1. Tell me the accessible surface of residue 198 in square angstrom (1.4 angstrom probe, heavy atoms of protein chains only), to the nearest ten.
2. Identify the trypsin sites (Lys or Arg not before Pro) of segment 71-105 meeting these criteria: DSSP loop state and at most 11 other C-beta atoms within 10 Å of the C-beta.
3. Considering only protein heavy atoms, what per residue accessible area in square angstrom results for segment 57-106 with a 1.4 angstrom probe?
4. Residue 176: accessible area at probe 1.4 Å, nearest 10 Å²?
5. Mind checking the full-extension length gain between residue 161 and residue 105? Use 0.36 nm per residue of separation minus the Cα-Cα distance, one decimal, nm.
6. Too long at a 24 Å Cα-Cα cut-off: which of 70/145; 20/82; 20/93; 72/145?
7. Which residues' amide hydrogens lie under 5 Å from the amide hydrogen of residue 201, considering only partners 5 or more residues apart or on another chain, with H built in the peptide plane?
8. From the backbone phi of segment 80-92, what are the Karplus-calculated ³J(HN,Hα) couplings (6.51 cos²θ - 1.76 cosθ + 1.60, θ = phi - 60°) in whole Hz, Gly and Pro given as x?
Amino acid sequence: MMPPISLFGLTRSGTTWMGKILDSHPQTLDRHEPDSVRRLSMPLFPALADADVDSAEIHPLFTDMPNMRKSKIVGKMPLVPKDYRFAPAFALKRAGILGAKFVGRVSSGFPVPFLPRAERRGHGRIVWTSAESLGRWGILLDVLKDAVAIHLLRHPCDHIASVLRGEAARTLVDNRPSSDDYGLLEMLLATGPARRRHGLSLVAQSPLGEKGFAADVTG
């Protein structure tokens, strides 16, 4: 297929919205967060020194994207007709996605029963949106050398407000407060820049008696 478009950003940064804009082109093939369904074993924030080891599973994930059938990956609305898919096939795809979404309310992860493959996939371009693998992006782009890279940034205040609204409304996949996600914070603090450049670490107690951060600012 043509070189993919990788659209990466943080959660609640507009990757889904922008992905559907790119999906409106008649020759794109939208794949929404496939790495959150078929998870990569490589760390969320890998070291560049481990790139050769971590990159081994990237190509299999990418080459399998046209065949993926999970409604979370292929069923983001609205659906758009494509040049590479005849009208009857598009109608069957829509029916299959709606059916999978309905059954998925009872049985999570139910695949789309009928998802026609592109008749002329060689002319299509995958749009890979991800809100999970931004920390892996450097290695991903090193492997997919011809990929078009789009990093979607949202104003920090807008992003924080959106996350807080989602947590309050319990509409996020993980409704724990982000400030309590110590597993993610520990992964971030284990990266080279956090350790070497900024001297950050996770401490058991802060001066206020709560978990928090400590930084060696003497350097």
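The values are calculated or read from the model by the stated rules, or taken from the named source; none is laboratory data. Small disclaimer: the values here were computed from a predicted structure and weren't measured. We place every Cβ from the backbone using ideal geometry, glycine too, and count neighbours over all the protein chains shown. When the accessible area is computed, the model is the full protein with side chains, heavy atoms only, and any ligands, DNA or RNA have been set aside. Shrake-Rupley method; radii C 1.70, N 1.55, O 1.52, S 1.80 Å.
1. Here the residue's solvent-accessible area equals roughly 100 Å².
2. Numbers: sites: 72, 76, 82, 85, 93, 94, 101, 105; in loops: 76, 82, 85, 105.
Qualifying residues, ordered by number: 105.
3. Working: 2720 Å² over 50 residues.
That works out to 54 Å² per residue.
4. That residue has around 120 Å² of solvent-accessible surface.
5. Values: separation 56, 0.36 × 56 = 20.16 nm, distance 2.88 nm.
Gain on stretching residue 161 to residue 105: 17.3 nm.
6. Details: 70/145 27 Å; 20/82 13 Å; 20/93 17 Å; 72/145 27 Å.
Result: 70/145; 72/145 exceed 24 Å.
7. Distant-sequence amide H within range of residue 201: 214.
8. Result, ordered by residue: 10, x, 10, 5, 8, 10, 5, 4, x, 5, 5, 5, 5 Hz.
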